[in-house]
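To start, the structure under review is shown below, and the notes come after it.
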Amino acid sequence: GCRGLQSIAIPDSVTSIGSTAFENSSLTSVTLPSSLTSLGSSTFSGCDYLTEIHVAPGSQSYASDGGVVFTKDMKTLVVCPEGKAGAYVIPGSVTSIGEDALNYCERLTGVTIPDSVTSIGNSAFEDTVLTSITIPDSVTSIGDWAFMGSSLTSVTFSGDINSIGKLAFYN
């Protein structure tokens, strides 16, 4: 495993990183190469100390802002590091919160979803400690297990949602 490793810059020759590749490591910072074209789901699952993920300049697939990874066009939030703390405001360019994007982010005290977001992916907020969330009226679909296992006590829906996935608010 990667126990003891705190920071890593992945070489430019790497184009793909598989699911759970760095699972349960002690990483605090990661720089993804500009050559990366595929990032698996839950790549950094269990990385409780990871506070920032950066994308090297020149990437055609991904971008980073504030230590959070997005698709290059900044329309999909791909992954928020599990160690990110405090309140987080998702940028207004984002239209989709990707699968597993903020799951296990147990140090986030609040997340603001902008009116630009239309979909929330599977397990996007699974096992977070958020106690309340407002789903803007722009959101039309919420994926399976999206908020499963979270600490929510209040959910506010501002509009009509066409689809809520299985076990979206379970437990």
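Answer yes if at least one residue in segment 29-50 is part of a strand (DSSP E or B), among the small types (G, A, S), at positive phi and open to solvent by 10 Å² or more (accessible area, probe 1.4 Å), and no otherwise.
Checking segment 29-50: not a single residue is part of a strand (DSSP E or B), among the small types (G, A, S), at positive phi and open to solvent by 10 Å² or more (accessible area, probe 1.4 Å).
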Might you check whether a residue that is touching a residue at least 40 places away in the same chain (Cβ under 8 Å) and under 14 Å from the mean Cα position of the chain (by Cα) occurs anywhere in segment 83-94?
yes
Hand me the list of strands (runs of 3 or more DSSP E) wholly inside segment 66-171 holding 2 or more residues that are of a type in the set (V, I, T) and under 22 Å from S25 (Cβ atoms).
68-71, 76-79
Filter result for S119 (hydroxyl-bearing (S, T, Y) and modelled with pLDDT under 95):
no
State all residues of segment 132-168 that are under 20 Å from E106 (Cα atoms), open to solvent by 40 Å² or more (accessible area, probe 1.4 Å) and touching a strand residue (DSSP E or B) at 6+ places or on another chain (Cβ under 6 Å); if no residue qualifies, say none.
S132, T134, S154, V155
I want to confirm something. Restricting to segment 118-131 and keeping residues that are more than 13 Å from A101 (Cα to Cα) and hydrophobic (A, V, I, L, M, F, W, C), which single residue is most open to solvent (accessible area, probe 1.4 Å)?
V129
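The values are calculated or read from the model by the stated rules, or taken from the named source; none is laboratory data. Since the model is a prediction, treat every value here as computed from it, not as a measurement. Reconstructed Cβ throughout: ideal geometry from the backbone, glycine too, with neighbour counts over all protein chains shown. Surface accessibility is based on the protein's heavy atoms, side chains included, excluding ligands, DNA and RNA. Shrake-Rupley method; radii C 1.70, N 1.55, O 1.52, S 1.80 Å.
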